1. Which percentage, to the nearest 5, of the DSSP beta bridges contained in the chain is antiparallel?
2. How much mean residue ellipticity at 222 nm does the chain get from its helices, if each DSSP H run of length 4 or more adds -39500 (n - 2.57) and you divide by all residues, to the nearest 500 deg cm²/dmol?
3. So how many Å³ per residue does the convex hull of the Cα atoms of the chain work out to?
4. Could you give the length gained by full extension between residue 67 and residue 438, i.e. 0.36 nm per residue of separation minus their alpha carbon distance, to one decimal place?
5. What is the distance in Å between the Cα centroid of the stretch 291-316 and that of the stretch 370-423?
6. Please compute the modelled spin-label separation between residue 405 and residue 194, points set 7 Å along Cα→Cβ, answer in nm with one decimal.
7. Based on Cβ point charges of +1 for Lys and Arg and -1 for Asp and Glu, what charge dipole magnitude is obtained for the chain about its Cα centre, in debye rounded to the nearest 20?
8. Using Cα centres only, tell me the gap between the stretch 1-36 and the stretch 328-353 in whole Å.
Amino acid sequence: MRMLDLIEKKKLGQELNHNEINFIISGYTKKEIPDYQMSAFLMAVRFMGMTAEETSSLTMAMVNSGEIVDLSSISGIKVDKHSTGGVGDKTTLIISPIVASLGVPIAKMSGRGLSHTGGTVDKLEAIPNLRTEFSKEEFLEIVKTTGICVAGQSGNLAPADKKIYALRDVTGTVDSIPLIAASIMSKKIAAGSDAILLDVKTGSGAFMKTLEDSIKLAEAMVAIGESVGRCTVALITDMDTPLGYAIGNSLEIKEVVDVLNGNGPEDLTEICVLLAAEMLFLANKGSLEECKQMVLECIKNKSAIETLAKMVKAQGGNENHIYDINNFENAKFTQEIISESSGFIEKMDTTGIGLSACLLGAGRETEDSVIDFSAGIILHKKTGDIVKKSDVLATIYTSSLEKCEIGKAKFLESIIFSEKEPSKKPIVYARVSKDGAELL
Ligand code: URA
């Protein structure tokens, strides 16, 4: 087999078989195929697409390039969850303890922040001394004894994806639905759970800006999961406005605690109840409606917040930060952002707001940047709210006055006012399962 022939084949829109895709992925991983040929192949895929069979073969070739986590020693149905990323998206840290408190083991590997979006592992590390790196044995032991562990992703899961993603990033080939779907699903399948819930974000702060593309991505990922025997469901959820009011690592953990204590923002609570109910449904705990009632009950009877505190302790962190959020260190500087306009907030450029939080110190500029866990933004107004001139739009938190000014300017430029009240958007747009997409 020759790589050149396979590039030609894809260029002409012909379907590659399983062996041909394996040849490409294993050859590239072993450095037998050079970057220039792989780049040409990726660009051909970007323009000609891939069939569901090709996308599934690509995913499994990337899964088989590395370690596959064996969770079989943990009893029960293991359900994983993945979000395509957003601003203020702290849902993993809310729904994981909810689901674990209801008897579904959570053995979860999460990522760090990327560009304007935050990452679960960074948020968790805002809790002093909490560990996110474990040996395989330690990870399994924590899940067996506590019912839940949220760790960083092992470096050896789908190494082919890591190498290919780096190449896509510099060759204009990130925005391809089969390539994104295979990339995400390869890591989820290698992480070993029996079922997968996908939270596919849509809107100005998301990877996929339109509902149509978000549904296409969700359908591609659900088809991959189902084709390899993992029950997979996706919810398409709104990321046209930040989720909740807190953006930034320790600020978001405090909001996680608020939701689990029953005092969280309405939008964030609603989405978490729906996502957690879907995870319980995938674990065969009941109908969706029954699962929703179970979620509401475990927030009310405090078993979910207690499970979060237990997880924090098991991972080496101080659970007193969960029982009393005043234990978190405050940022050196806080400043209110005062509105210079009046009217309705018609739109929030959510990517811009995420970048503003990064500029304040909550995210990384380069891979080696050190995160300021106390930095970020608390929103006081969101899309649809009416604002008078000199109302407080947000409070910003940072450790540097210079960052304060830069972050504030970026924030203000991300808010769009209008005279007219904008129409209210749903929080969840659609549910995609093996039976198809259902608009909600
Ligand atoms: N996230 C991933 O893991 N892979 C992609 O290709 C895009 C987003």
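Readers should treat all values here as calculations from the given coordinates under stated rules, not as data from a laboratory. No experiment lies behind these values; they were computed from the predicted model shown. Glycine gets a Cβ as well: all are built from the backbone with ideal geometry, and neighbour counts include every protein chain shown.
1. 60
2. Calculated mean residue ellipticity at 222 nm is -13500 deg cm²/dmol.
3. Once divided by residue count, the hull of the chain is 139 Å³.
4. Once the chain is fully extended between residue 67 and residue 438, it gains 130.1 nm.
5. The distance from the Cα centre of the stretch 291-316 to that of the stretch 370-423 comes to 31 Å.
6. 5.9
7. 320
8. 48
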